[in-house]
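Colleague: First the structure, then my questions, so here it is.
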Amino acid sequence: ATAGKDLPQEVKDLLPTDNTKYKKDDQVAAKQPTSTEVADAAQDGKWVFKGYEPAGPVTVADKDVKFVGKWEFKANEHNVSYEFASATAGKDLPQEVKDLLPTDAAKYVKGAEVTAKQPAQAEVTVADGKWIFKGYEPAGPVTVADKDIEFVGKWEYKANPVARYTVDYAFAS
């Protein structure tokens, strides 16, 4: 029941058989598969049995009865999360930088391409310097596989230049 997807062998193996011979005007109910959900690790999802066409009991007429079981593929959904980290040893990120952490409520399936959301600003000035956004790890668009994705944004601290003064000495009498 999912366009573009072929049933895996594990689903095909659940196909019931019925060796009973039916006569005209007999009622035939479809035999249910032994399982109605089948995991599909290769496609990162599962197949769910949705029912037969025709549904319900069928009255035998003048030909064989054929039930077609419909299976729908449901892809596993994955999350994208963000974290910020200091790229400067010994310096913790200030709250002003942490407040820029993006969020993403969307769900992504295998094969989707995800580009990290950029912070609202790439520089944050603090009392003694500034923090500069250097980019994400992993960089660039990421193709979703079979797990969640976490982008770690790296921030580098640059201290304000320290004013340098000279000291002069003089002897006076």
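The values are calculated or read from the model by the stated rules, or taken from the named source; none is laboratory data. In this text, all values refer to a predicted model and were calculated from it rather than measured experimentally. So basically every Cβ, Gly included, is an ideal-geometry build from the backbone, and we count neighbours across all protein chains shown. For the accessible areas, the whole protein counts, side chains as well, though only heavy atoms, and no ligand, DNA or RNA atoms are used. Shrake-Rupley method; radii C 1.70, N 1.55, O 1.52, S 1.80 Å.
Colleague: Considering GLY111, GLY90, which residue is of a type in the set (Gly, Ala, Ser) and open to solvent by less than 60 Å² (accessible area, probe 1.4 Å)? Working first, answer last.
Modeller: Values: GLY90 fails: open to solvent by less than 60 Å² (accessible area, probe 1.4 Å).
None of the others qualify; the one that does is GLY111.
Colleague: Another question about this same structure. Taking interchain pairs and intrachain pairs at least six residues apart, which have beta carbon atoms under 8 angstrom, with the first residue in the range 47-76 and without any contact (Cβ under 8 Å) to a residue 12 or more places away in the chain and the second in a strand (DSSP E or B) and open to solvent by 60 Å² or more (accessible area, probe 1.4 Å)?
Modeller: From residues that are without any contact (Cβ under 8 Å) to a residue 12 or more places away in the chain, there are no pairs.
Colleague: Something else now. So which residues in the range 24-82 are more than 36 Å from the chain's Cα centre (by Cα) and among the small types (Gly, Ala, Ser), if there are any at all?
Modeller: ALA29, ALA30, GLY56, ALA61
Colleague: Quick one: LYS21 ticks every box in (1) out of contact with any Phe, Trp or Tyr (no Cβ under 9 Å at 6 or more places or on another chain); (2) under 14 Å from ALA75 (Cα atoms) bar one, so which box is it?
Modeller: (2)
Colleague: On to the next question. When residues of the range 1-15 are filtered for being open to solvent by 100 Å² or more (accessible area, probe 1.4 Å) and not in a loop (DSSP other than H, G, I, E, B), how many remain?
Modeller: Total satisfying the criteria: 3.
Colleague: Among the residues of the range 153-172, is any surrounded by 13 or more Cβ atoms within 10 Å (Cβ to Cβ), out of contact with any Gly (no Cβ under 9 Å at 6 or more places or on another chain), under 28 Å from ASP6 (Cα atoms) and modelled with pLDDT of 95 or more?
Modeller: no
Colleague: With the checklist (1) in contact (Cβ under 8 Å) with a residue 60 or more places away in the chain; (2) of a type in the set (Gly, Ala, Ser); (3) surrounded by 15 or more Cβ atoms within 10 Å (Cβ to Cβ) in hand, flag the one item ALA145 doesn't pass.
Modeller: The one condition ALA145 does not meet is (3).
Colleague: Here's another thing I want to ask about it. Are any residues in the range 31-81 assigned to a loop (DSSP other than H, G, I, E, B), open to solvent by less than 50 Å² (accessible area, probe 1.4 Å) and over 16 Å from VAL11 (Cβ atoms), and if so, which ones?
Modeller: If the condition is that a residue be assigned to a loop (DSSP other than H, G, I, E, B), open to solvent by less than 50 Å² (accessible area, probe 1.4 Å) and over 16 Å from VAL11 (Cβ atoms), then GLY56, VAL60 are the ones that fit.
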